[in-house]
Amino acid sequence: DAGITQSPRHKVTETGTPVTLRCHQTENHRYMYWYRQDPGHGLRLIHYSYGVKDTDKGEVSDGYSVSRSKTEDFLLTLESATSSQTSVYFCAIKGGERESSGANVLTFGAGSRLTVL
Amino acid sequence: KNQVEQSPQSLIILEGKNCTLQCNYTVSPFSNLRWYKQDTGRGPVSLTIMTFSENTKSNGRYTATLDADTKQSSLHITASQLSDSASYICVVRGLRGGGNKLTFGTGTQLKVEL
């Protein structure tokens with residue numbers, strides 16, 4: 001998936017435990033994103049980063065925090081997981097491919113499926 | 001509120017047949033519209049991006065159309081193959097708001113059968 005690796009790919013955890021998902025890219029892109037995908041909803045932006053230590057909230061950021069200490073790694077942390085955070089989480093980068101119009105293509109990782117019991 | 005609505009929700013067709021997926025949006029002002037293909041258990045992959053000035057764009061057997069006046073787009077798949085079975089997601093990029101300003105549809109689940 002275009003130099004993006006997400007880990008873990010699958011995780012089952014219990015309510016109240018902390019969880020960290022990792023996104024690693026090998027292509028030195030500046031912008032990185034975390035989305036969640038749930039049935040009946042389009043992909044929704046949780047947090048994004050526009051550089052090392054530069055992050056901002058998306059539309060569904062409550063209960064999540066992120067960190068980016070290196071260009072290649074973007075971490076998503078659930079401080080105290082809840083059942084409503086059961087979802088598939090996708091990391092994405094902007095870049096790596098440009099359309100003929102010049103628009104950057106958003107490239108996604110393979111996803112991390114999280115189940116909170 | 002910016003919205004992207006796709007229809008149908010799901011579709012089953014026979015291999016070799018054509019099909020058309022619809023996308024209506026309310027995002028305004030509008031920058032571009034994208035179609036992504038998402039195979040089961042994988043991340044979405046870009047098929048095409050269209051700006052407001054483009055009416056039609058093709059990518060192999062996939063042809064996307066855009067009518068910016070009526071805020072509608074369609075994705076036409078010609079001579080379908082089993083490998084076309086996937087979810088097709090319409091994504092619209094607006095010009096206002098924070099983040100990357102993308103609004104995602106919920107997708108059309110396509111199944112191609114023998």
- Go ahead and run the numbers for FRET between A:T82 and A:R22, Cβ-Cβ distance against an R0 of 22 Å, rounding to 0.05. 0.60
- Query: Using 0.36 nm per residue, how much length does the chain from B:L82 to B:L11 gain when fully extended, once their Cα-Cα distance is taken away?
  - Reply: 24.2 nm
- Mean shadow area (nm²) of the C-alpha convex hull around region A:1-94 is 5.7 nm²
- Query: In peptide A:36-42, how many Cβ atoms from other protein chains are near each Cβ within 10 Å, on average?
  - Reply: 4
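Kirkwood hydrodynamic radius of region B:44-109 from all distinct Cα pairs, in Å? List each step's numbers first, then the result.
Working: mean 1/r = 0.0760 Å⁻¹.
Across region B:44-109, the inverse of the average 1/r is 13.2 Å.
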- Query: Per the Cauchy relation, a quarter of the hull surface: what is the mean projected area of the convex hull of the alpha carbons in chain B, in nm²?
  - Reply: 6.8 nm²
- Query: Do any of A:K94/B:K71; B:K37/B:K101; A:K94/B:K101 go past 18 Å between their Cα atoms, and which?
  - Reply: A:K94/B:K71; B:K37/B:K101
- Item | Residue among B:R42, B:R93, B:R61 with the largest mean-square fluctuation in a Gaussian network model of chain B, springs linking Cα atoms under 10 Å | B:R42
- Gaussian network model of chain A, Cα within-10 Å springs - most flexible of A:G95, A:G42, A:G58: A:G42
- Take the Cα radius of gyration of the protein assembly as shown and divide it by 2.2 N^0.38 Å, with N its residue count; two decimals is plenty. 1.01
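Since every read-out is calculated from the coordinates, none of them should be taken as a lab result. Please read all numbers here as calculations on a predicted model, not as lab measurements. Don't worry about glycine lacking a Cβ; one is built from the backbone with ideal geometry, like all the others, and counts go over all protein chains shown.
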